[in-house]
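Below you'll find the structure, written out as C-alpha cells, and then a few comments.
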Amino acid sequence: MGIERILASQKGKECYELPSETKGKAKKNRRRQKKMSPVQRLYEICKKVFSEFRPGIVPPSDDIQRIKSVLDGMTEVDVGLSPNMPYFKRKANDQLPKITYLHIYYCDKFSIGIFCLPPSGVIPLHNHPGMTVFSKLLFGTMHIKAYDWAGDASSDVNTPGVRLAKVKVDSDFTAPCNTSVLYPADGGNMHCFTALTPCAVLDVLCPPYSNPDGRHCAYYLDFPFSSFADSVDGSSVPDEERECYAWLQERENPEDLTVGAPYNGPKIVEK
C-alpha cells in the first residue's frame, strides 16, 4: 500500500523493479482484501487498533479514521439485514417496542454488535464510562440526543444524584450518513436513540461494558436547566445558553429493554 504510493510519486524519476517474491505477496494481500467481507475487515482493524488500549485511553486520530473509513461505507446488506425483517416491525399491542440486539463479536478489548429498532423504538439515555464508541446508522431515520458532563457547575445543585450536562447533539439523522464517534469525556458520551422509522445501528465499543471492571451502563432522566433554577447558582451559565444545558439524574435500569437474536450475516474468522 505504501509501496504503490512511493512508486507513483516517482514518475519521471528512476524506478526500481520490485523482487518477484515481494510483488507476489503484494498481489496476494490485495486479493485477500478484495475477498474479505466488510465485517471481517472491521474486525481486523479493530483488533490491531485496540490491542494495546486501556479504558479511558483514546486511540490516535489516524486509527479512529481507519475504523470510520470501514464503517462509513457499510450498509445493512453487509451484515445480512433488510428493513422488512421482523426485528424492524412494531407489533400492534406493543406499548414500548422491543429492540433486538445482534451480537457479532466480543472480547475484553472491544465488541461489535447491531441494535435493530422498530418505529418509535427508544434506547434510553445512557453512558459509556471510559469508552470510545463508534455508531453507524445502517438504514432508517433516527433522532439522537447526546450530552457531555459540564464542568464544576454540576456540584452546585442541591438534589442528590443530579449533575449538569451540556447538549452535544440534538438532531435527526438519516442513512446514509457518517459514523458518529463518542469519547470518554467528549463527543456526547451519554446519548439516547429514538427511531423515527425502522433503524439498524452498528456499534463498536472499546472497551466493552464490564461490571467487574466498573464499566456498568448507567441510565439517566434529563430535565431542562430551569427545573432546578431555584436550587442552583446558575450564574456560570448565561441566560442565552441555558437551553444548551440539562440536569441528568441517574435512574434504575429499564427492564426488558432489548432481546437477543442470532447474528446471521457474514461471520468473523478469528486468527
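A short reminder: the numbers here are calculations on the coordinates, not readings from a lab. From a predicted model like this one, the values you see are computed outputs, not experimental measurements. Cβ sites come from the backbone with ideal geometry, for glycine too, and all protein chains shown count toward neighbours.
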* Of PRO124, VAL77, HIS191, whose Cα points farthest to the positive end of the dipole of the range 39-261 (charges on the beta-carbon: +1 Lys, Arg; -1 Asp, Glu; origin at the Cα centre)? -> VAL77
* Structure fact -> Other residues with Cβ under 14 Å from the Cβ of PHE115 give, with Lys and Arg +1 and Asp and Glu -1, a net charge of 0
* List CYS116, CYS217, CYS206 from most exposed to least, where exposure is judged by having the fewest other Cβ atoms within 10 Å. => CYS217, CYS206, CYS116
* Gained length - ASP170 relative to SER120, 0.36 nm times residue gap less alpha-carbon distance -> 16.3 nm
* How far apart, in nm, are two points set 7 Å out from the Cα along the Cα-to-Cβ line at ASP186 and at THR159? -> 3.0 nm
* Structure fact -> Exposure proxy check on MET36, MET131: fewest-to-most Cβ neighbours within 10 Å is MET36, MET131
* HN-Hα J couplings of the range 184-200 from phi, Karplus 6.51/-1.76/1.60, θ = phi - 60°, integer Hz, Gly and Pro as x? -> x, 10, 7, x, x, 4, 10, 9, 10, 10, 10, 7, 8, 9, x, 9, 10
* Asked: For the range 43-176, which semi-axes, largest first and in whole Å, follow from the square roots of 5 times the eigenvalues of its Cα gyration tensor?
  -> 27, 25, 14
* Asked: With the contact rule set at Cα under 8 Å and sequence spacing of 6 or more, what percent relative contact order holds for the range 39-261?
  -> 26 percent
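Can you tell me, using C-alpha contacts under 8 Å and at least 6 residues apart, the relative contact order of the range 83-207 as a whole percent? If you can, show how the numbers build up before the last one.
On the way: 310 pairs, mean separation 47.7, N = 125.
Normalised by residue count, the contact order of the range 83-207 is 38 percent.
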* Structure fact -> For the table LYS48/LYS271; LYS35/LYS68; LYS109/LYS271, the rows whose alpha-carbon distance is greater than 18 Å are LYS35/LYS68
* Tell me, what ³J(HN,Hα) does each residue in the range 40-49 have, in order and in whole Hz, if you take phi through Karplus 6.51 cos²θ - 1.76 cosθ + 1.60 with θ = phi - 60° and put x for Gly and Pro? -> 5, 4, 4, 4, 4, 5, 4, 4, 6, 5
* **Loop-resident sites, the range 59-160, for trypsin sites (Lys or Arg not before Pro), counting at most 14 other Cβ within 10 Å (DSSP)** => LYS89, LYS91
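Under unit Cβ charges (Lys, Arg +1; Asp, Glu -1), what dipole magnitude, rounded to 20 debye, does the range 39-261 have relative to its Cα centre?
That gives a dipole near 940 debye.
Within the set LYS145/LYS166; LYS136/LYS166; LYS47/LYS136, which residue pairs have Cα atoms separated by over 20 Å?
Pairs exceeding the cut-off: LYS136/LYS166.
Normalised by the number of residues in the range 41-112, what is the relative contact order in percent for Cα pairs under 8 Å and 6+ residues apart?
Averaging sequence separation for qualifying contacts and normalising by length gives 32 percent for the range 41-112.
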* **Rough spin-label spacing in nm, given labels placed 7 Å along Cα→Cβ, for LEU221 and ASN264** => 4.1 nm
* Structure fact -> For MET36, other-chain or 5+-apart residues with amide H closer than 5 Å (H placed, Pro excluded) are none
* Structure fact -> Here, ASP256 and ASP213, labelled 7 Å along Cα→Cβ, have an inter-label distance in nm of 3.2 nm
* To do: Could you calculate the FRET efficiency of ARG54 with GLN249 from 1/(1 + (r/R0)^6), where r is the beta carbon distance between them and R0 is 25 Å, rounded to 0.05?
  => 0.25
